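Undergrad: Input: one structure, supplied below.
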Amino acid sequence: MPSVIRSAVLMTAIACSMSCTAQAPSGKADEAKDAKAGTAAGATAANDKQRNSTMIGMDIAKSLDPIKDEIDVDALAAAIKASFAGKPTKLTPAEAEKLRAEFGAKMQAKMAKKASEQGEKNLKEGQAFLAANKTKPGVRTTASGLQYQVIRQGTGPTPKPTDKVRVHYSGTLLDGTKFDSSYDRGEPAEFALNQVIPGWSEGVALMPVNSKYKFWIPSDLAYGPNGQPPIGANATLVFDVELMGIVN
C-alpha cells in the first residue's frame, strides 16, 4: 500500500550569542525590566511552539485524509502523547507490527475494489457518451473507435507514425476536468508519435500541419484499466490538438 503518512517536520532551534561589556547591576528598575522581557520571551516561545504544532498537525491531517474514516482522533492523540512521554501504549510493538500488516492488506483491498468499481463506471459512461457523440454533425469515427472533429484544416504535410511532432494541446475528462495542457504551460510540447497513447498516435497522424482537431479517445486507445493518475481506470479522454510542425 502506498505510504500515506509523511514524516513529521522537525523544527530545529537556532542559537545565537551576543557579547556585551561587563557591568554592575543597576538596581530594581533593571530587574523589573529583565523580568518583563523574560516573560515576553517565554510567551513568544510558547506561542511559536503552538504554531509549529498546528502546522505539523495540519500536515499530518492532510496526509491521513485518504484513511480518515479508519482513524479515531482521540486514540491517535493518546498514542502520540504516550509515545512522546515514554509511557506504555495500548498496543505492544509486536501487536502494532501485526496490525500494521493487516491494516495495509485491508486498505489495499479496499482501494483495489474502489478502483475497480470506478473503472466499470468510467467504461459504461464512456461507451454511452461515444455512442451518442458519433451521431453529431462533423464527428467522424475511425475503424478503431477513435472519434474526431476537424476544427481547422491545415494544408501542410501529415506526420508518419515514427515522426516527432510539435503540438499545442489540452486534455480533459468527460466531465470537463483538465488533466494536462501545453497552453497552460505557455509553450508547445514535442512528442514522438510512437511513444504516446494509441489514440494520439492514430489521431495526430491524420492531421496536416497547421490543423486543429478535437479527439474523443476511448479508454482502450488511452490508458485502459490501469489509468494514469489523475486519469482513472477506463476513462474516455478528450483532447484539443493543434499540429504546429514535424520536428524530424
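We did not get these values from a lab; they are worked out from the coordinates using the rules stated. A quick note: this is a predicted structure, and the numbers were derived from the prediction, not measured. As a convention, Cβ positions derive from the backbone with ideal geometry for all residues, glycine included, and neighbour counts pool all protein chains shown.
Undergrad: How would you rank 57-66, 231-240, 157-166, highest first, on the average number of other Cβ atoms within 10 Å across their residues?
TA: The peptides rank, most packed first, as 231-240, 157-166, 57-66.
Undergrad: Another one. Which order, highest average first, do 173-183, 101-111 follow once you tally other Cβ atoms within 10 Å for each residue and take the mean per peptide?
TA: Put in order of decreasing packing, that is 173-183, 101-111.
Undergrad: For the ranges 88-96, 147-155, what's the packing order if you count other beta-carbon atoms within 10 Å of each residue, average per peptide, and put the highest first?
TA: My ranking of the peptides, most packed first, is 147-155, 88-96.
Undergrad: Please work out the C-alpha center-to-center distance from segment 179-248 to segment 66-86 and express it in whole Å.
TA: Their Cα centres are 45 Å away from one another.
Undergrad: Amide H neighbours of residue 165 under 5 Å, counting only residues 5+ apart in sequence or on other chains, H built in-plane at 1.01 Å?
TA: Amide H to amide H, under 5 Å and 5 or more residues apart or across chains, residue 165 pairs with 191, 192, 193, 247.
Undergrad: Right, something else. If segment 44-90 were replaced by its equivalent ellipsoid, with semi-axes equal to the square roots of 5 times the Cα gyration tensor eigenvalues, what would those be, largest first, whole Å?
TA: Semi-axes (√(5λ), whole Å): 21, 18, 6.
Undergrad: Hey, could you pull the Cα Rg and Dmax for segment 133-248, both in Å?
TA: According to the Cα coordinates of segment 133-248, Rg and Dmax are 13.3, 37 Å.
Undergrad: Continuing with the same structure: Given the pairs 87/114; 114/160; 62/87; 164/214; 49/110, which are separated by over 29 angstrom at their Cα positions?
TA: Violating the 29 Å limit, Cα to Cα: 87/114; 114/160; 49/110.
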